[in-house]
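Structure first, then comments.
The values are calculated or read from the model by the stated rules, or taken from the named source; none is laboratory data. Note that this is a predicted model, so its numbers are computed, not measured. Reconstructed Cβ throughout: ideal geometry from the backbone, glycine too, with neighbour counts over all protein chains shown.
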Amino acid sequence: MDPREMRQALGQFPTGVCVVTCRGDGEDCGMTMSSFNSLSLDPPLVLFSVDKRALSLPHWEQAKGFAINILSDNQQAISNRFARAGSNKWEGTHFHRGFAEAPVLAGVAAVFECRPWATHDGGDHILFIVEVIEMRSTPDRRPLVFSKGRYAKLEQTQDVAPWPLAIHY
């Protein structure tokens, strides 16, 4: 299977954009990711993945906590900054320390502070399953979206009925 064709097909599925951060081995790490996903409500688990070739992988594996920063639609520059390897990502970046000293970025739409739960091999990536221990959201901020290789913004559409709190199959 051609990886470019797979990436193009996956681009048909819009995703949110987040910067996952941690403090591992005494160093702050942060990476733009679209591989974030919910996993379980009880216990509250989410997941993200890190490329096995990432030079920062040992820091991620040693981290005691993570902050999953869901970017607002006005934070494209932050997404771009943390998408690059080797750049000085933290210069001029406003944040405070969260659980286990993980950097929590300012101005995000939501943040999930997490502790490690499990890791698994995922082909060319390592899957990090993490337990949410605290979360905050700012409902008046719209999330940054990525689709077809570019950023997008959500538009208001007609009102729809809210999802039920419990879904039974």
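Within the range 77-131, the set of residues being charged (D, E, K, R) and touching a Ser or Thr at 6+ places or on another chain (Cβ under 7 Å) comprises 81 only. For the residues 78, 68, the requirement of being among the hydrophobic types (A, V, I, L, M, F, W, C), buried (at least 17 other Cβ atoms within 10 Å of the Cβ) and not in a strand (DSSP E or B) singles out 78.
Before we move on, is residue 55 hydrophobic (A, V, I, L, M, F, W, C), in a strand (DSSP E or B) and on the phi < 0 side of the Ramachandran plot? Talk me through it step by step, then tell me what you get.
Values: hydrophobic (A, V, I, L, M, F, W, C): yes; in a strand (DSSP E or B): no; on the phi < 0 side of the Ramachandran plot: yes.
Against the criterion (hydrophobic (A, V, I, L, M, F, W, C), in a strand (DSSP E or B) and on the phi < 0 side of the Ramachandran plot), residue 55 does not qualify.
Scanning the range 127-145 for residues that are more than 19 Å from residue 40 (Cα to Cα) and either of a type outside the set (Val, Ile, Thr) or part of a strand (DSSP E or B) (or both) yields 139, 140, 141, 142, 143, 144, 145. Quick one: would you say residue 79 is within 13 Å of the chain's Cα centre (by Cα) and either modelled with pLDDT under 95 or of a type in the set (D, E, K, R) (or both)? No, not satisfied. Does residue 108 satisfy being within 25 Å of residue 140 (Cα to Cα), at pLDDT 95 or above and part of a strand (DSSP E or B)? Taking the combined requirement at face value, the residue does not satisfy it. Being closer than 25 Å to residue 140 by Cα and touching a Ser or Thr at 6+ places or on another chain (Cβ under 8 Å) narrows it down to one of 49, 35, so name that one. Answer to the selection: 35. Kindly establish whether residue 133 is modelled with pLDDT of 95 or more, touching a Gly at 6+ places or on another chain (Cβ under 9 Å), β-branched (Val, Ile, Thr) and over 25 Å from residue 39 (Cα atoms). No: the conditions fail for residue 133.
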